[in-house]
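The values are calculated or read from the model by the stated rules, or taken from the named source; none is laboratory data. On a predicted model such as this, the values are computed, not experimentally measured, just so you know. Every residue, glycine as well, gets a Cβ built from its backbone with ideal geometry; the counts of neighbours run over all protein chains shown. For the accessible areas, the whole protein counts, side chains as well, though only heavy atoms, and no ligand, DNA or RNA atoms are used. Shrake-Rupley method; radii C 1.70, N 1.55, O 1.52, S 1.80 Å.
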Amino acid sequence: MTEQNTRLGIMLMIATTFVFAMQDGISRHLAGEYNVFMVIMIRYWFFAAFVMSIAARKAGGLRAAAKTSQPVLQAFRAVLLVTEICVMVLAFTLLGLIESHAVFTCYPLLVAALSGPVLGETVGWRRWAAIGVGFIGVLIILQPGFGVFRIEAIVPLIAALMFALYGLLTRYAARKDSTATSFFWTGTVGSLAMTIVGVWFWEPMTGPDWGWMGLLCITGALGHWLLIKCYEVAEASAVQPFAYLQLVFASVLGIAVFSETIRTNVAVGAALIVAAGLFTLWRERQNR
């Protein structure tokens, strides 16, 4: 991997986090006006069309992309991801972008913690220490025992746990299936599952909001495309630390557009989580 490719990968990861932060902001707006299931359903229709168009251009077409020896695992991954997205968008409407992302940033630590039981990987004491520090950060954000604890604060934590499990299952599926196959199942099965649920919650949408919906679909596809290109030109361990910039971009958007504020405990807790996550990534790279 050349230095030039690594630099390009970093730039692509920064662009990816910016696009995903914009997507989250649009999701928060639309989910505040319409049913979450309907919003995610329409977004996934576009995502499925995007995935199928990419697969159709590859050698073997759709048949080759769909071919897998582990359909149950691939289908479960897809349903898990679309459910996680619904939970996270719900968190945006309950807590806002800043607090939701502050808690969600713990998902790399959950990946590290669950990599042992799910993938059989060894987790050393240093990484366990980092995981512990990260969850101290989560507790600082959630503040259990201080005043009235809001049950809504658990929602982004549930989303982080689901996304961590999705990531681990994706790594497990990669032992037999290509990235293209996993991507295809993620979009198509996710769209089917979301349609089965979302069609019952259809609501009329205004003209301007259809414009926002179109932008949401575009940012979703663009974000995934940028992420794919990012991992094509650079090692994941080199660019992954820059994924934490999504918290920064989401915070700026939350303050500028939705008039959110950053509480001291959220800032301190998020800093601990990010520091622990960066240390975990560094240890993973050292072990490799």
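A few remarks follow.
- Selected residue [over 21 Å from Val39 (Cα atoms), in contact (Cβ under 8 Å) with a residue 24 or more places away in the chain and open to solvent by less than 20 Å² (accessible area, probe 1.4 Å)] from Ala91, Ala55, Ala66: Ala55
- Candidates are the residues of the stretch 128-173 that are small (Gly, Ala, Ser), more than 23 Å from Trp282 (Cβ to Cβ) and at pLDDT 80 or above; the one that is surrounded by the fewest Cβ atoms within 10 Å (Cβ to Cβ) is Ala173.
- Of all residues in the stretch 234-247, those being in contact (Cβ under 8 Å) with a residue 40 or more places away in the chain, open to solvent by 30 Å² or more (accessible area, probe 1.4 Å) and either within 13 Å of Phe46 (Cβ to Cβ) or of a type in the set (A, V, I, L, M) (or both) number 1.
- The lone exception for Ala102 - which of (1) within 25 Å of Gly187 (Cα to Cα); (2) open to solvent by less than 10 Å² (accessible area, probe 1.4 Å); (3) of a type outside the set (Val, Ile, Thr) it fails: (1)
- Boolean, Ala49 is in a helix (DSSP H, G or I), closer than 19 Å to Thr186 by Cα and over 22 Å from the mean Cα position of the chain (by Cα): no
- Criterion: in contact (Cβ under 8 Å) with a residue 60 or more places away in the chain, assigned to a helix (DSSP H, G or I), out of contact with any strand residue (DSSP E or B) (no Cβ under 8 Å at 6 or more places or on another chain) and closer than 24 Å to Val138 by Cα - qualifying residue of Val274, Val257: Val274
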